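*Asks:* After the structure tokens below, expect a handful of questions from me.
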Amino acid sequence: MAKKVKVKTHKGLSKVLKVRKGGSIKYQPANKLHQTAGRSNASRRRRHHESGLHQSDLNRVKTLINK
């Protein structure tokens, strides 16, 4: 009888995403730390706050981070 293969956590993704209490997932938008001189103020300001992961991506991502 063959052994069942364990699903490993995707370590890169688990370091970027955080699972909230209710089960939704939050992440920090990219391109906010440096080289922002050419961007508009509104574009920089939109990256201040963490964003929620879209519902269509939720199940796929949850299998990668085993939550």
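*Asks:* Which pairs do you get when a residue that is more than 15 Å from residue 51 (Cα to Cα), found in the stretch 15-39, comes within reach of a residue that is modelled with pLDDT under 90 and not in a strand (DSSP E or B), reach meaning Cβ atoms under 6 angstrom, with the pair 6+ apart or on two chains?
*Replies:* Correct list of pairs: 36/44.
*Asks:* For the stretch 25-33, does any single residue satisfy the condition of being on the phi > 0 side of the Ramachandran plot and modelled with pLDDT under 85?
*Replies:* yes
*Asks:* For the stretch 41-54, indicate whether the set of residues that are touching a residue at least 12 places away in the same chain (Cβ under 8 Å) and of a type in the set (A, V, I, L, M) is non-empty.
*Replies:* Yes, because at least one residue in the stretch 41-54 is touching a residue at least 12 places away in the same chain (Cβ under 8 Å) and of a type in the set (A, V, I, L, M).
*Asks:* Could you please let me know if residue 66 is at positive phi and at pLDDT below 90?
*Replies:* Considered against the rule, which asks whether it is at positive phi and at pLDDT below 90, residue 66 comes out as yes.
*Asks:* Looking at the stretch 25-67, which of its residues are under 10 Å from the mean Cα position of the chain (by Cα) and either farther than 21 Å from residue 12 by Cα or polar (S, T, N, Q) (or both)?
*Replies:* 28, 51
The values are calculated or read from the model by the stated rules, or taken from the named source; none is laboratory data. In this text, all values refer to a predicted model and were calculated from it rather than measured experimentally. Here the Cβ is made from the backbone with ideal geometry for all residues, glycine too, and neighbour counts use every protein chain on show.
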